[in-house]
Amino acid sequence: MSQLLAGIGDTLVITRRNLIRIPRAPDLLIGFTVQPVMFVLLFVYVFGGAIKTPGFKYVDYLMPGIITQTIAFGGYLTAVGLNEDLRKGLVDRFRSLPMARSAVLAGRTLADVIMNLLATALMVAVGLAIGFRFATSVPQVLAGILLLLLFGLAFSWIFALMGLLASSAESAGSIGFLIVFPLTFVSSAFVPVQSMPSLLQAFAKANPFTIVVDAARALFLGTPGNSIWAALAWSIGLIAVFAPVAVARYRRVVAN
Amino acid sequence: MQTLQPSQSLARAVSDEPAIVTQGLSKSYKNVRALTGVDLVVPPGSVFGLLGPNGAGKTTLVRILATLLKPDAGTARVAGYDVVREGGRLRTQIGVAGQYAAVDENLTGFENLEMVGRLYHLGGRVAQSRADELLQHFDLEEAGRRPVKTYSGGMRKRLDLAAALVARPPVIFLDEPTTGLDPRSRVSLWETIERRVAEGSTVLLTTQYLDEADRLADRIAVIDHGRVIAEGTSDELKHQVARERLEVVLGEGADPTVALQALAVMGDGQQPRVEGQVISVSVGRRPGAIVEAVRRLDTARVEIVDVAIRRPTLNDVFFTLTGHKAEESAAGEAE
């Protein structure tokens, strides 16, 4: 029990360390604040007029989608940070200390979750300012945010694996982008799936992003269709697959 | 080959419970054998120097002792704990400073040390006061609230060493702690290490600087191709391995080859060295060597500026044992 508590304490120390750096690295800070807000404004005011979303104002349609995309990218911090820590010897420093060895990875992903929560709050605030409205109860909205954070955690583990496989911090980040960008765009995040060519439609419908974005719409806007359990299953499933793979990879990398 | 038997000198060292003991420690990477059967005993409260060219296995050895790497064979105990089976408890007893200053660039000096203190489970208040104490000690007080990315190389090295000392660990591993430091910082770092040892810590130090080993280390192991090829005090190594050398500084127009020929009979069979107009011949113990050299060079009409007998240095020990100079070989790629 005391070991478990120490492990939690160590994880919080590492989490704090990972968060402290963000305000000091202008590129990261911009990535987590200005960039998502800019995307919200661009989509609403530039593309919004041209995209048909029957039954919705575009800003209402967009917000669940763009929050999901931002959260999926949150793991970028883990990919870049983990890669840097390995390369610069900080992981060795941590591993020579009497701390829980799991705290290095756990502290990384927990920092992502906290950053994702802050980015979500910021985007919701901007959304509300430009006309976005929740159409459901507070518990439903909170459940939606929790679901998205869980989905983001799954992507943190995917990004962690990228960070452990990549040869540099930069390439760790760009591999992540290469994976997440097509997945988010070929989904219901920004446009209705029905507007895509049939081949893409088939992909978009099976895409976990579509399922999660639809679940977020159900919880934020009260749209019909129940993909909430499927979204939960996808999130947990991705974590169940990628967390052990990333941990195993981490063990192999540090053993050499 | 003048190889000292490690066991001879070890037998004398074992008086107290040793701080570090290794037996038959071996490690291979794919098809490279980094360590082959390393036996060492480091008494507590001493500085133990590991000398060796790059790729000799120094860093591998330190990484195994700091529980960062598992050995393929053999055993090692640090502060009484087995490196494989008791890693968790062992890590409460050690501090590590590496070849690359492993500090977080985005954190301030204070935040770095506080974090390390918390991860040693010192508690928040102790971690903070200890961080302040160390910043002051390492002359980083003013820089302590700035992010480390604004620090010079020397400041990072000092912070890295401070991080290794946060928990006042009984055993400290320093992997090339002064590489890249200016002479003043090196000396002040040496003084810090000496103070820690005076307070009872044991230090295992790898270095490419022989003067550093000479100054700090109570005992030195020379390691090459993953084996300990000699072990003893600095004086023991000098006496048993290296000879006195005759060093001649030639005049500007003099031909080193002619000079070497003139001095050939005085040599003890070891390869003479030539560096520009300075030649150096190993003469063993040879009374009257200076007079004889001057006479021979005069007869050969070689103009000389200076002649001296040099007592062996660790550099000579290293050269004799491994066939190359320490600093040259270590200046290349990282291990």
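Points worth noting:
- In region A:89-135, the residues that are of a type in the set (Phe, Trp, Tyr) and assigned to a loop (DSSP other than H, G, I, E, B): A:132, A:134
- Test: residue in region B:216-223 that is charged (D, E, K, R), open to solvent by 40 Å² or more (accessible area, probe 1.4 Å), in contact (Cβ under 8 Å) with a residue 40 or more places away in the chain and touching a Pro at 6+ places or on another chain (Cβ under 9 Å): yes
- Qualifying position, being buried (at least 22 other Cβ atoms within 10 Å of the Cβ), at pLDDT below 95 and not small (Gly, Ala, Ser), among B:58, B:30: B:58
- Restricting the search to strands (runs of 3 or more DSSP E) fully inside region B:11-84 and requiring at least 2 residues that are within 14 Å of chain A (Cβ to nearest Cβ) and under 17 Å from the mean Cα position of the chain (by Cα) gives an empty result.
- Members of region A:17-48 found to be under 29 Å from residue A:130 (Cα atoms), more than 20 Å from the chain's Cα centre (by Cα) and surrounded by 14 or more Cβ atoms within 10 Å (Cβ to Cβ), listed by number: A:44, A:48
- Only one of the numbered conditions (1) under 24 Å from residue A:147 (Cα atoms); (2) open to solvent by 20 Å² or more (accessible area, probe 1.4 Å); (3) more than 14 Å from chain B (Cβ to nearest Cβ); (4) over 15 Å from the mean Cα position of the chain (by Cα) is not met by residue A:117, and that is (4).
- Residue B:207 open to solvent by less than 10 Å² (accessible area, probe 1.4 Å), β-branched (Val, Ile, Thr) and in contact with a helix residue (DSSP H, G or I) (Cβ under 7 Å, 6 or more places away or on another chain): yes
- Unique residue being facing chain A (nearest Cβ under 8 Å) and touching a Leu at 6+ places or on another chain (Cβ under 6 Å) when the list is B:119, B:134, B:113, B:107: B:119
- Within region B:179-212, considering residues that are part of a loop (DSSP other than H, G, I, E, B) and among the charged types (D, E, K, R), the one nearest to residue B:21 (Cα to Cα): B:199
- Hey, residue A:14 modelled with pLDDT of 90 or more, over 30 Å from residue A:194 (Cβ atoms), within 14 Å of chain B (Cβ to nearest Cβ) and open to solvent by less than 20 Å² (accessible area, probe 1.4 Å) or not: yes
- Look at (1) among the β-branched types (Val, Ile, Thr); (2) crowded, with 17+ Cβ neighbours inside 10 Å; (3) at pLDDT 85 or above and you find that residue B:322 fails only one, number (3).
- Residues (out of contact with any helix residue (DSSP H, G or I) (no Cβ under 6 Å at 6 or more places or on another chain) and assigned to a helix (DSSP H, G or I)) located in region B:239-258: B:239, B:240, B:256, B:257, B:258
The values are calculated or read from the model by the stated rules, or taken from the named source; none is laboratory data. Nothing here was measured: the structure is a model prediction, and the numbers come from that model. Note that we place each Cβ from the backbone using ideal geometry, even for glycine, and neighbour counts take in every protein chain shown. SASA here: full protein model, heavy atoms, side chains in, ligands and nucleic acids out. Shrake-Rupley method; radii C 1.70, N 1.55, O 1.52, S 1.80 Å.
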